[in-house]
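What follows is calculated from the coordinates using simple rules that are stated; it is not laboratory data. Note that the structure is a prediction, hence the values are computed from the model and not measured. Glycine also receives a Cβ, built like all others from the backbone with ideal geometry; neighbour counts cover every protein chain displayed.
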Amino acid sequence: MPIRYRILERQDIVYAQYSGVITGPDVEANFAAFLSDPAFRLGRPEIIDLSRVSQIDASFHSLMDVIEVVNRSQAPIVEKGTLTVLIAPDDEKFGMARMYQLAAGTQSGIRVEVFRDEARALAAVGRPETSIRDFLAGTEIADWAEN
């Protein structure tokens, strides 16, 4: 599975780890699973970690499709939009993440911020840790830092 996520209720954050080759349908399927998760709550901040992605095979159009699904599910309820923080450490991932951010800017259900630096990304969601490894160490998915 190229995308795995965990709703960290104690930290009140969703952490998603993308790896390998990611496609638009992968993102859509992950979001559908996320919405049907019993622990799902609108407005909970999200961290999407793209550091393990080897290739993003998605067009601007497919990203818009994802954004429209996200917006339909969240905009009517979340006034400011759900904060989604993308960690995109290299140029290709950063470029795709910025494209996603621009697409999200046309909608109201999601606010996207993109960072290359883990410490700045974590600070954006109010976390004191300076690395994803340190953040994960304090969660029930500490082993995700290794896998």
| said: Explain nothing, just compute: Karplus ³J(HN,Hα) = 6.51 cos²θ - 1.76 cosθ + 1.60, θ = phi - 60°, for every residue of the stretch 113-119 in order, whole Hz, x for Gly and Pro. | reply: 10, 10, 9, 8, 9, 4, 4
| Modelled label reach - A137, point 7 Å along Cα→Cβ, the stretch 1-23 residues with backbone N closer than 18 Å | 11
| Dipole in debye (nearest 20) - the stretch 3-145, about Cα centre, beta carbon charges: Lys, Arg +1; Asp, Glu -1 | 280
